[in-house]
Amino acid sequence: MEAKNAGFDQKDFRNALGCFGTGVTVITTRDQDGKHYGVTASSFNSVSLDPPLILWSQGKAAPSHGAFKENSNFVVNVLSANQADISNQFARPSDNKFQGLDCTYTEDGIAILPGTSGHFECVTQNMIEGGDHIIFLAKVVNYRHHADTSPLFFWKGQYITP
């Protein structure tokens, strides 16, 4: 298979990236006025155990980008195998992405989605420019997981469940 250089086909590049399976998360925050935001993201990774650090990235053009830049607090909700509908709900434009969800909230008022495999409460430590995205490097300040819950995966443009 031939490697492609600068100026390569973005759709083909995206398909190539899709060969790497990922977990599916919904990352939530709120703005200074208290409006809640959430976005589906598969760009979540662990960075360090000591201190506990994670990263995720978001497109600069995303409607929720300003809220994530202004509020350093956010929650990474790791979706469970039966939550593809929630992934889709947060991946599409909507005035109320939280409709129909019985969320709980962190001490800072950030939404924790129900029925997930787990969640990580985070505080942004650094934002790094990465092309058309910003990479958020964050410290985990609290977390919870459910060892008996299978996660939702995404691979080659499809949801995969164990």
Look at segment 21-64 and say how many of its residues are over 14 Å from the mean Cα position of the chain (by Cα) and either in a strand (DSSP E or B) or more than 23 Å from residue 93 (Cβ to Cβ) (or both).
-> 10
Name the residues in segment 111-135 that are surrounded by 15 or more Cβ atoms within 10 Å (Cβ to Cβ), outside any strand (DSSP E or B) and among the small types (Gly, Ala, Ser), would you?
-> 117
Can you name every residue in segment 87-110 that is of a type outside the set (Gly, Ala, Ser), more than 30 Å from residue 10 (Cβ to Cβ) and in a loop (DSSP other than H, G, I, E, B)?
-> 96, 98, 99, 101, 102, 103, 106, 107, 108, 110
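Residues are listed down the side, and each one gets a yes or a no for (1) acidic (Asp, Glu); (2) under 14 Å from the mean Cα position of the chain (by Cα); (3) within 21 Å of residue 51 (Cα to Cα):
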position: 80; (1), (2), (3): no, yes, no
position: 87; (1), (2), (3): no, yes, no
position: 93; (1), (2), (3): no, no, no
position: 126; (1), (2), (3): no, no, yes
position: 132; (1), (2), (3): yes, no, no
position: 137; (1), (2), (3): no, yes, yes
position: 141; (1), (2), (3): no, no, yes
position: 149; (1), (2), (3): no, no, no
position: 153; (1), (2), (3): no, yes, no
When segment 140-162 is checked residue by residue, the ones that are more than 20 Å from residue 122 (Cβ to Cβ) and assigned to a strand (DSSP E or B) are 153, 154, 155, 158, 159, 160
Among the residues of segment 17-37, is any in contact with a helix residue (DSSP H, G or I) (Cβ under 6 Å, 6 or more places away or on another chain) and surrounded by fewer than 16 Cβ atoms within 10 Å (Cβ to Cβ)?
-> yes
Odd one out for residue 59 among (1) out of contact with any strand residue (DSSP E or B) (no Cβ under 6 Å at 6 or more places or on another chain); (2) touching a residue at least 12 places away in the same chain (Cβ under 8 Å) | (1)
How many residues are free of Cβ contacts under 8 Å to residues at least 40 places away in the same chain and among the polar types (S, T, N, Q) if we restrict to segment 117-148?
-> 3
Tell me, yes or no, whether segment 98-110 has at least one residue that is farther than 17 Å from residue 71 by Cα, crowded, with 16+ Cβ neighbours inside 10 Å and touching a Phe, Trp or Tyr at 6+ places or on another chain (Cβ under 8 Å).
-> no
Of all residues in segment 76-86 being of a type outside the set (Asp, Glu) and in a helix (DSSP H, G or I), which is nearest to residue 159 (Cα to Cα)?
-> 84
Go through (1) closer than 13 Å to residue 122 by Cα; (2) under 13 Å from the mean Cα position of the chain (by Cα); (3) surrounded by 18 or more Cβ atoms within 10 Å (Cβ to Cβ) one by one and return the number of the condition residue 73 breaks.
-> (2)
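Read-outs throughout are calculated quantities, based only on the coordinates presented, and are distinct from any laboratory measurement. Note that this is a predicted model, so its numbers are computed, not measured. Note that each Cβ is placed from the backbone with ideal geometry, even for glycine, and that neighbours are counted across all protein chains shown.
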